[in-house]
Amino acid sequence: MQPELKSLRIDRSQKPLDQPAPWAVRWILIGVGILIALGAGRFIYGKLTAATEVDIVRVHASAPLAAGEGNVILNATGYIVAAHKIELAAKVVGKVAWIGVDKADKVKAGQMLVRLEDDEYRARLMESKGQLETLKARLAQAEHGSRPEEIAKSKADVDQARVDQQNARVTLARTTDLVRQGVLSKQALDDAQARYDGAAAKVASLDRAYELVRLGPRQEEIDALRAQVNQAQGTLNYAQVQLDNTIIRAPIDGTILERNVERGEFVTTGFVGDKGAKGYVVSIADLHDLEVELDINQNDFAKLGPTQPGIVTTDAYADRKYQGVIREISPEANRQKATVQIKVKVVNPDNYLRPEMNASVAFYSTQKSEGGRTETRSAVVIPASAVRDSAVFMVVSGKAVRKTVKVGGTTAQGVQIAEGLIGGEDIIANPPADLKDGQRVRPKQS
C-alpha cells in the first residue's frame, strides 16, 4: 500500500468552492468599519450633545419699591448703634445702698436708678446749716446796731465816770490845801492826783465807747460779715448738692443697656478697677434713636451725598426694611483702613432692632422718572453665583440662554438686579465655567 499512499496528494493549486472572493472580503471589511465609525460617532455626538446637569432656581420679585429705591448705587454693611449711649456715673464716692433697675428695663427721665449711702453727706449738710445760721445772726446784729438799752447803759457808765472824776477833783483840791498847810504829806497829794487822772481817763474811754455804741458797727465790718454769710451759704449749697448726688437719676427716657454695680459695691469718681471701685453704674440709651455705623471705602465715598437715603435691613430680620438717611459723615478718613465712617439714622426703628446688630444699607438714587412721576417696580434679588460677566443663564426649553443684566447692588440675600429680569424666570444658580449659550441643560437630580 505504500505506492498507493504516496500517490494520494492534495492539489493546493485549486481554490475551494465555498471560499469568498477577495473583492467580497474587502467590501465586508469596509462595511464593518463603517458600522464601527457610525457607532463611535453616535457615541461621541451623544456625549457632546448630552444635557448638562445644573442647579436651577426660580427668580422671585420682592415687594414693589419706588423707582428711586430700586436704583441702588451702593451697598454697605455695618452695625446698629445707639445714637446717644450714656454711661451714667456717680458724682460722689460711696457704697451702693439700693439699685432699682436691671438690664432691658424702660426708664423715664428723672427716675431714681441708684442710691448711695448718705450718712456722711447729711452730717456735712447739718454742720453747714449751723455755721450759716451763726453768721446770719451776727450780720443781723451788726445791721441793726446797738439796742436802746445798750446805749442807755453806756451813757450811764459815762455819767458814773464823770461823777467819780468830779469826786476825785474835789479830793485832789482838798489834799492840795492840806499838804500846803503841812497837815498831809506829799505822798497823799500824789495819790489824789493819780486817782483824779485815772478817773479822767476812764471818763474819756467810756465816752468814746458810748459814741461807738451810739453809732453802731462800721460799714466795713458789716460787709465782712455779709461775705462770710455768702461763703457759708455756698458751703451749704455744696453740701446739699453732694447729698443730692447720692441719688442717681435717669437723664433721659430710654432703656437700660447694662447694669454695672450691685448693692454694697463701692462707686468712685477717680479710678476704675475690674475688682475694685466702679466708674459707672448703668448704661442707658434711647432705642428710638438708632444709627447704622458704616465704614465706606474711599473709592465709593464720592457716590454718597450728605443726606443720601437708603434702605436698612438686618441679618436677623431680612424681610423687614427700614428707611434710613445719612446723619453724620466723619470729618477725617481712616488711613489704615482707607475708609470714611458715616452714620445712617434709622427713620422708623421698632422693637426688632437692637444695638450691635449686623445691618446692611442699600443707598439709592433719588432721581425721579420723566414727568416727575414716581414709578414702582419689583426688586429682583438672585444668588451672587448666578451672575457671570454681567450676565445670567436662563433655562428656556431645556437650553441655557445667556441674558445680560445690570447689577444694582449686593444684599444679604444676594445681588439685586436693576435691569434684565422681572421675576418668574428660571436661571442657573451656579453655571459651569464651560457653559455655552444654547447648550442643553437639565436640573440636577436630588
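Points to keep in mind about this one:
- Measuring between alpha carbons in the structure, the pairs from Lys155/Lys186; Lys399/Lys444; Lys321/Lys343 lying more than 24 angstrom apart are Lys155/Lys186.
- Reachable aspartates and glutamates, given that their alpha-carbon falls under 17 Å from the alpha-carbon of Lys108 and they are not under 8 places away in the same chain: Glu87, Asp253, Glu258, Asp286, Asp289
- FRET efficiency, Ala109 to Ala338 (Cβ-Cβ, R0 41 Å, nearest 0.05): 0.45
- A cut-off of 5 Å between modelled amide H atoms, ignoring neighbours fewer than 5 places along the same chain, links Gly216 with Ser146.
- Point-to-point label distance, Ala318-Gln298, nm (Cα→Cβ direction, 7 Å offset): 3.4 nm
- Two numbers describe the Cα atoms of region 146-216: Rg and Dmax, which are 16.0, 52 Å.
- If only the Cβ of Lys and Arg carry +1 and only the Cβ of Asp and Glu carry -1, the dipole of region 71-187 around its Cα centre is close to 320 debye.
- Listed pairs Lys85/Lys106; Lys91/Lys278; Lys337/Lys406; Lys85/Lys303; Lys153/Lys202; Lys303/Lys406 exceeding 23 Å between Cα atoms: Lys337/Lys406; Lys85/Lys303
- Each listed q (0.19 Å⁻¹) maps to a log10 I(q)/I(0) for region 220-354, found by the Debye formula over equal Cα scatterers with no solvent: -1.11.
- A straight chain from Arg327 to Arg218 at 0.36 nm per residue would run longer than the Cα-Cα distance by 32.8 nm.
- Efficiency of FRET from Cβ geometry, Glu356 and Gln233, R₀ 60 Å, rounded to 0.05: 0.80
- For the pair Asp286 and Thr307, the difference between a 0.36 nm per residue extended length and the Cα-Cα distance amounts to 5.3 nm.
- Computed from point charges on the beta carbon alone (+1 for Lys and Arg, -1 for Asp and Glu), the dipole magnitude for region 146-216 about its Cα centre is near 100 Debye.
- Put in order of Cβ neighbour count within 10 Å, fewest first, the listed residues Thr77, Thr307 become Thr307, Thr77.
- Amide H within-cut-off set for Arg249, under 5 Å, with H built and near neighbours excluded: Leu113
- Two-decimal log10 I(q)/I(0) for region 79-187, as the Debye equation yields it once each C-alpha is a single scatterer, q = 0.10, 0.14, 0.23 Å⁻¹: -0.70, -0.88, -1.23
- Centroid-to-centroid separation of region 307-363 and region 126-161 [C-alpha atoms, Å]: 73 Å
Since every read-out is calculated from the coordinates, none of them should be taken as a lab result. None of these values were measured; they are calculated from a predicted model. Glycine gets a Cβ as well: all are built from the backbone with ideal geometry, and neighbour counts include every protein chain shown.
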